[in-house]
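Report on the structure given below.
Coordinate-derived values only; no laboratory data. As the structure is a computational prediction, the values presented were derived from the model and not from experiment. Glycine gets a Cβ as well: all are built from the backbone with ideal geometry, and neighbour counts include every protein chain shown.
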Amino acid sequence: MHPRVAVLASGRGSNLAALLAARDRGELPVDFVLVGSDKATAGALQLAATAGIPTLALDPRNYPDRRTFDLELFARIAASGAELLVLAGYMRIIDGEALRPWVGRMINIHPSLLPKYRGLHTHRRALEAGDLEHGASVHFVTAELDGGPVIAQARMAIEAGDDEHRLAQRLLPLEHRLLPAVLRLLASQQLQWVGDGPRLDGQPLLTALQLGAHGLLPAE
């Protein structure tokens, strides 16, 4: 039995597509049991439906507050039988009570080199700061916004011709390699949450892994 995985996404689903492609290549031994969204029109839901994966769309406007919405959403995720949860472009802050049972089983991909640029508009902020490099991070989700322990990062140089759109487009292929690689570690139990933090092959993960040409490597 492969680990059962649910995915949450708010947009077109390019990171979901990368996960499905990795699975189809035999590189990601998981079963996707649900793709959920806060937007009924999200492209990720159509991708999932085409792939034969059950979908769920809940509209936050139908709930009195964020906590009520999140508790309902996470109850539905639990009912799917999911063991692991991936946020792949899910654009909502999640209530701490709702996510607490998932700490250590829930990862998010964020388009910056965390702890830099938590939240939105990361590409613009990197350019405005004059940064020489940019990237993406996959981290465990905790109640702190984009603040859980970073598992792995992908880095790239910022080029002279980069604007916000071009930078985002150049980063996407790295995101699409990074997220499946981390999920593979989690699904294989090489990566585990023990006590209050992540361990890789039984040892505390003290610095983020880095995406190299052939996969994830320890930081130098």
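Classified by the C-alpha gyration tensor, segment 1-46 has an oblate form. Its axis ratio a/c, with a ≥ b ≥ c, is 1.5 or above, and a/b does not exceed b/c.
Ranking Gly135, Gly202, Leu217 by how far each Cα lies toward the positive end of the dipole of segment 111-220 (charges on Cβ) leaves Gly202 at the top. A simple packing score, the average count of other Cβ atoms within 10 Å per residue, orders the peptides 16-26, 100-110 as 100-110, 16-26, with the highest score first.
Of the DSSP H helices in the chain, those that are both long (alpha-carbon extent of 24 Å or more along the helix axis) and hydrophobic (Kyte-Doolittle mean at least 0.0) are 164-187. Label segment 1-134 by shape, choosing from rounded, prolate and oblate, from the square roots a ≥ b ≥ c of the eigenvalues of the Cα gyration tensor; if a/c is under 1.5 it is rounded, and otherwise prolate applies when a/b is larger than b/c, oblate when it is not. Oblate.
Does segment 136-200 come out rounded, prolate or oblate by the C-alpha gyration tensor, with a ≥ b ≥ c the root eigenvalues, rounded set by a/c under 1.5 and, if not, prolate when a/b is larger than b/c and oblate if not? It is prolate, given that a/c is not under 1.5 and a/b is the larger ratio.
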